[in-house]
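The structure appears right after this line, and notes come after that.
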Amino acid sequence: MARTKAEKIFPYNYTTTKLDNGLTVILVPMDSPGLTSYYSVVRTGSRDEWEPGKSGFAHFFEHMMFRGTDKYPGPVYDGIITSLGADANAYTSDDLTVYHLNFASDDLEKVIELESDRFQNLKYDVREFQTESGAVYGEYRKGKTSPWEVAFEKLQDMAFDKHTYKHTTIGFEQDIKDMPNMYDYSISFFKRYYRPENVVVLVVGDFKKDNALKLIKKYYSSWKPGYVNPEITPEPPQTAERSTVVNYPGKTLPLLIVSYKGDAFDVKNKNILSSVLVGDLAFGETSDIYKKLVLKEQKVQFIQADFGFSRDPKLLYIYSMVKDPKDVEYVKEEIYKTLADFQNTLVEKQKLSNLKKKERYSFLMHLDTPDNVAGFLPQFITLTGGIDVVDELYSGLDKITPEDIRQAARFYFMPEKRNVVLVRGEN
Amino acid sequence: MTRYFLFYILILFSVTSMAKTKNGNPMKESLVLLPVKNDPTVSLKIWFKAGSQNDPRGKEGLAYITARLISEGATKKNSYEQILEKLFPLAAGYSASASAEMTVYSGRVHKDNLEVYYPLFLDGILHPSFSQEDFSRIKDETINYLTTTLKYSSDEELGKAVLYQYIFQDTPYGHIEQGTISGVKSITLEDVRNFYNQYYNRNNFVIGLAGGYSKKFADRLQKDLLRLPEGTPGTAPAINYEPIKGVNVTMVNKDAPATAISFGFPIDLIRGEKDWYALAIANSWLGEHRNSSSHLYQVIREARGLNYGDYSYIENFPNGGQRQMPPVNEARRRQIFEVWIRPVPNETRHFVLRAAMRELKNFIDKGLTPEEFELTRKFLRNYVLHYAPETEMRLGYALDDRFYGIQGSHLETFRKMMDQLTVEDVNQAIRKYLNYDNMKVAIITKDAEGFKEALENNTTSPITYSTPKADKVYEEDKEIQDYKLNIPNGNIKITNLEELFR
């Protein structure tokens, strides 16, 4: 599967244009008769909530964006989206907030008009703002029944002292409760972050590039720049292992999360690219530990790793659901042993090349509809501001050697970078 | 708009062909084909006519365990480990799902890898080895799901599961597909082998094939599947339930900060019939899934901020919290009308139940206005396009069409009907199929006794908000707080969490 540097894995031709006000527009036409996806990617997530007492705001703000403008008040906006039969939604994570619509291509201009309007002219009154805070608290309550939510809330709080990754995207509960009092802050949040320099418009599907760009310029050019950088305190290096036990108010098998401090995404950093591969090699369905703990000994219900990318240094997670509380220590030791193996032994070349092949095909198989293509790209947009990095990433992954893998394992999996959470149920 | 129609017509057709078995008996074999020339992938779905409705009494969960063992276990040729190793570089796998009536064995692979993949896919279905090791693993996982995950980690899914069991109790639909704790515990490998022999046979499947496959491959697949053992077509047991009289409530006592509520009743209507599409418009207006256009959402979440969302359904929609669009291959001969209220603070539970019931009554009594009808049908005409943009999903729909006996395609019919139906059709369907007097309600809540008492006594349930609301909200709240729910004494029962799914 070796590819030359010139080879592009991303199969669609696209254009990236920067408007005078700083708004980036990425257009990806593809064969999808009559259907188009429109994504507005705001490069702000819960990471940007640096002021004390304001956690959860990026997500709360995502809700407020559906409250309308003078021209298109909330119910009118909803009515138009409904009449278009568009599939419209939004989501927020640590690093970004994404507003997305799938719709019939004939409606492209209407969608551009509506989206450009609410990003520039959002307006809501105190009452609407306060009512929405109730829905957000409802979302928190709904999530909190899951032991995983409990686990991640605790883990991030423990692992970070200074950086805003200390809170999860939904925010600290006390901050969510206080949201009704934050109307003025919400206006300042909008003015600082919802600016063209911090937003990327991504259009994928059945449309004409020239026409789309003309329309986007028409509707977005009046948007004034004014982005203000968040004052995020970098996390100081962790110097000793941290661990805690959480009691979950309900029944669950024990959940064990072992995590290590990672790095900020940089496509040129071989350690980062290698870590993604290590996750699958060490804990994926063909890994030795999976065969041992899941298939043979059946000590755990599952084990998997999530070594993803983040804008600032975050965590590389390994999580497992252990069947018998007595086996928790054993499973933990097996995880440590697995990581030590990767530090000491070179991974087989064949295994590594199988993984690269898998990565490539799962990428290609996923790009079958405008929404799937568009849905894959926001993480790269938030990390780098564009999507050129996709080709760079896959060509970088292709060059990773067994030595690189070993080096990354030695760099990340150190006891002093470790954070461990165990969730116990009331069984 | 004509472009979409063209698109669907071009790629969405199915063929029924006749093949001959080795011994010369003509065998009617169904084949659903969806060639998509430019699709770089191939999707396969083999539908066996069996599901949790075919679980023997006392062995609830057998169809589910069998399906999982086929797709997550060893074959006679390869251990499960070896299968995973071989599938790994292909970025492909195969899976099997057993819903109430359908078991579907599916896979999807890039064309480049079809030749390596296909023998593995075929081996999974033709030669499962049913090893003790795989069996223990899957059984354990299922028991854990029934005893802990479903009961503790998502009250809204729990509420919906309880409602289905409550409505269909004592029928073959009366347990969730994962079964019951005692049922799963009692299942043996022998049971699994018998179930496989009975239902995974050459006279009990429909082949679905879609994407960029060749004609030669389609022929090969058909021929290869004839290697399944001889057998008889699966039979679908009758689903006879007692008509519901009055409003009946089952509450599950659980120490939780929020209350999950679901309610509904059976409707004698399935997709394909004209009335179904009329009722789909009505239902979309009342409670389109995860859409702010839902009227219930507007009343409970948007105006009052009491929870995260409120929706209604006329077809089974499992895992609603995890998906935006309706699932495929969950087809059933019997469906229910269902309202799903996502968790609300305990102190508002009585008020919210009243608000939702009152909206249902207003909706049934008044029907849709011509404006509401126009907006909703316009919405659905395009929204349906998002149900199945992927080839694999369209294949799922095509198999469901076969299940429901729909000539042509449900999705095409859906769009066409949006132009043909009138507001009278819709309002007539509401009156014909929906009611607010006879239904079942499932509630997961803390202090169930207290709620029971409040419901029985029709205790007033005024609501206070921590934040100000619009004046018309306060006015309406005065009506809601004393809205009579008419739950006869004796119709409310309380269950303990631990008693569920036993």
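The values are calculated or read from the model by the stated rules, or taken from the named source; none is laboratory data. These figures come from a predicted structure and were not determined experimentally. Methodologically, a virtual Cβ is constructed for each residue, glycine included, from the backbone with ideal geometry; neighbour enumeration extends over all protein chains shown. We work out accessible area using only protein heavy atoms, side chains counted, and drop any ligands, DNA or RNA first. Shrake-Rupley method; radii C 1.70, N 1.55, O 1.52, S 1.80 Å.
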Cα centre as origin, Lys/Arg/Asp/Glu Cβ charges: the range A:1-122 dipole, Debye:
400 debye
Percent relative contact order of the range A:183-277, based on C-alpha pairs within less than 8 angstrom and at least six residues apart?
28 percent
Need one number: the % of Cα-Cα pairs in the range B:240-334 sitting beyond the 20 Å mark.
49 percent
Are there trypsin sites (Lys or Arg not before Pro) in the range A:237-271 that DSSP marks as loop and that have at most 13 other Cβ atoms within 10 Å, and which are they?
A:268
Using only the alpha-carbon atoms, how far is helix B:189-199 inclined from the longest principal axis of chain B? Give it as 0 to 90 degrees, nearest 10.
80 degrees
What does the structure give for A:86-95 when I average, per residue, the other chain Cβ atoms found within 10 Å of the residue Cβ?
2
Along the charge dipole of the range A:1-91, which of A:32, A:69, A:12 sits closest to the positive end, that is, farthest toward it, with unit charges on the beta carbon of Lys, Arg, Asp and Glu (+1, +1, -1, -1)?
A:12
Averaged over peptide B:460-470, how many Cβ atoms belonging to another chain are found within 10 Å of each residue's Cβ?
3
Quick one: order A:107, A:31 from most to least accessible surface, probe 1.4 Å.
A:31, A:107
Accessible area per residue for the protein assembly as shown in Å², computed with a 1.4 Å probe and the full protein assembly in place, what is it?
38 Å²
In a shell of Cβ-Cβ distance under 13 Å around residue B:115, excluding residue B:115 itself, what net charge do Lys and Arg (+1) and Asp and Glu (-1) give?
+3
Once every Cα of the range B:46-197 carries one equal point scatterer and solvent is ignored, give the base-10 log of I(q)/I(0) from the Debye formula at q = 0.09, 0.11, 0.12, 0.14 Å⁻¹, two decimals.
-0.30, -0.45, -0.53, -0.70
Counting only protein heavy atoms and a 1.4 Å probe, tell me what percentage of the range A:195-343's accessible area is made up of carbon and sulfur.
50 percent
Counting only protein heavy atoms and rolling a 1.4 Å probe, how much accessible area do A and B lose on contact, total for both sides, in Å² to 100?
5700 Å²
Stretch residue A:12-residue A:414 to full length: gain in nm at 0.36 nm per residue minus the Cα-Cα span?
140.7 nm
Mind pulling the angle between the C-alpha long axis of helix B:471-480 and the longest principal axis of chain B? Nearest 10 degrees, somewhere in 0 to 90.
80 degrees
Here are some pairs, B:59/B:245; A:299/B:139; A:142/A:261; which of them have Cα atoms lying more than 19 Å apart in this structure?
B:59/B:245; A:142/A:261
Hey, what do the phi angles of the range B:142-155 turn into as Karplus ³J(HN,Hα) couplings, whole Hz, using 6.51/-1.76/1.60 and θ = phi - 60°, x for Gly and Pro?
5, 5, 4, 4, 6, 8, 10, 4, 5, 6, 10, 9, 8, 5
Can you give me the Kirkwood hydrodynamic radius for the protein assembly as shown, using every pair of distinct Cα atoms, in Å to one decimal?
29.3 Å
Cα centre as origin, Lys/Arg/Asp/Glu Cβ charges: the protein assembly as shown dipole, Debye:
1960 debye
Provide the solvent-accessible area of residue B:431, counting protein heavy atoms only and rolling a 1.4 Å probe, rounded to the nearest 10 Å².
150 Å²
When each of B:446/B:484; A:337/A:358; B:49/B:274; A:166/A:270; A:209/A:356 is checked by Cα-Cα distance, pairs over 28 Å:
A:209/A:356
Sequence gap at least 6, Cα distance under 8 Å: using those rules, report the relative contact order of the range B:294-353 to the nearest whole percent.
38 percent
What angle, in degrees between 0 and 90 and rounded to the nearest 10, separates the Cα long axis of helix B:274-287 from the longest principal axis of the Cα atoms of chain B?
50 degrees
Can you give me the long-range amide H partners of residue B:32? Hydrogens built in the peptide plane at 1.01 Å from N, cutoff under 5 Å, separation of 5 or more residues or another chain.
B:207, B:208, B:209
Taking A:208-215, A:393-400, B:397-404 and ranking on average Cβ neighbours within 10 Å, highest first, one gets B:397-404, A:393-400, A:208-215
Average other protein chain Cβ within 10 Å of Cβ, residues B:151-157
5
Where does chain A land at 222 nm, in deg cm²/dmol rounded to the nearest 500, when only DSSP H runs of n ≥ 4 count, each adding -39500 (n - 2.57), divided by all residues?
-13000 deg cm²/dmol
State which helices in chain A qualify, where a helix is a whole DSSP H run, it must extend 20 Å or more along its own axis by its Cα atoms, and its mean Kyte-Doolittle hydropathy must be at least -1.0.
A:328-344
Note on chain A: contact order normalised by length, alpha-carbon pairs under 8 Å, 6 or more apart, percent, works out to 24 percent
Provide the solvent-accessible area of residue A:10, counting protein heavy atoms only and rolling a 1.4 Å probe, rounded to the nearest 10 Å².
10 Å²
The range A:313-427, Cα convex hull volume normalised per residue, Å³
174 Å³
Please compute the volume of the convex hull spanned by the alpha-carbon atoms of chain B and report it per residue in Å³.
155 Å³
Tell me, what is the 1.4 Å probe accessible area of residue A:63, in Å² to the nearest 10?
10 Å²
